[in-house]
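The values are calculated or read from the model by the stated rules, or taken from the named source; none is laboratory data. Note that the structure is a prediction, hence the values are computed from the model and not measured. FYI the Cβ positions are ideal-geometry reconstructions off the backbone, even for glycines, and counts take in every protein chain you see.
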């Protein structure tokens, strides 16, 4: 967790937003789940209980017993079954199927196996436990449905040997504000002023080319900003440096930096947790600068500062948004935000329309 900002620190920032279902979201770090301990998380306003079976499979269930609604997290898990504390109903956690109802007698005709607690598809990638959240009311996903789910997101990797790290922070805003902050190209010299990154005096005009991709858009391969000190470090390899950035619905930003055979890649997500709050997670992998002592620790240290600056800005923005001010988006710096809203609406309507007819070149100063 970056900083000590809590959800109670700021009043919810304005009206809530429409959420996107039928997709994968990161629920928590796998390291928070161990042995027979049950862990709790909130995802899209849904209370979850998570764990890992003795056979190694992660599971995610709605934290509510279908009998009388008590949270299953108050119960017990023996590595095979989650047992409700209230009446002892026992469930196989991956499928949610009820295995036992202790109160039943031989005269009862009810078959416990016909009862299911709500269970969600659940997979681990890059140390995160991802949960697939279907649209409410759809019912239990069948086995044939699971094979049709989209791939679980993960950090792109380009070699067998690499190092990795992650950062996380809570944001007191709805998912839309969190995401357009994620893709905003103009805030850097103001929010992220630092000797090791850039300063307000370094602002200059930039030109970037974008192209449409499935469920998103791409800032095509380009030389990274000359006013960003971290990129300059890669100059020691004497190879051309290129950066590619993708945004993919519902909440993902991929960045890939290539320098010959050396690379750095990250996946940043902004995930709605409870109403008007979300969480930013950054997972990164790389094979660059492995020879620099303590490089991983330095990367996490400076990355934490960087993410913390975004977090603090969102806290301050929330103080203004709570009064419902009129807002505006401009061209060209806010064009990615406009594309995001158009893509989101097209997905919610189910039209499949893309706001970009083809490649576009944008200009802004940052």
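Can we say residue 101 is without any contact (Cβ under 8 Å) to a residue 40 or more places away in the chain and in contact with a helix residue (DSSP H, G or I) (Cβ under 9 Å, 6 or more places away or on another chain)?
When the stated conditions are applied, residue 101 passes them.
Restrict the check to region 62-75 and report whether at least one residue is in contact with a strand residue (DSSP E or B) (Cβ under 9 Å, 6 or more places away or on another chain), in the same structural domain as residue 17 (by TED's automatic domain parsing), crowded, with 20+ Cβ neighbours inside 10 Å and within 25 Å of residue 250 (Cβ to Cβ).
Yes - at least one qualifying residue is present in region 62-75.
So which residues in region 289-322 are assigned to a loop (DSSP other than H, G, I, E, B) and touching a residue at least 24 places away in the same chain (Cβ under 8 Å), if there are any at all?
Hits for region 289-322 are 289, 290, 322.
Would you confirm whether any residue within region 322-333 is buried (at least 17 other Cβ atoms within 10 Å of the Cβ) and within 23 Å of the chain's Cα centre (by Cα)?
No, the conditions are met nowhere in region 322-333.
Going by what's in this entry, would residue 343 be described as in a helix (DSSP H, G or I), within 30 Å of residue 131 (Cβ to Cβ) and modelled with pLDDT under 90?
No.
Tally time: how many residues in region 356-366 are part of a loop (DSSP other than H, G, I, E, B) and surrounded by 16 or more Cβ atoms within 10 Å (Cβ to Cβ)?
Here the count works out to 2.
Let's see how each residue does on (1) on the phi < 0 side of the Ramachandran plot; (2) at pLDDT below 95:
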residue: 60; (1), (2): yes, no
residue: 65; (1), (2): yes, no
residue: 79; (1), (2): no, no
residue: 109; (1), (2): yes, yes
residue: 137; (1), (2): no, yes
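Residue by residue through region 136-170, note down the ones that are more than 24 Å from residue 30 (Cα to Cα) and assigned to a loop (DSSP other than H, G, I, E, B).
136, 137, 138, 139, 140, 142, 148, listed by residue number.
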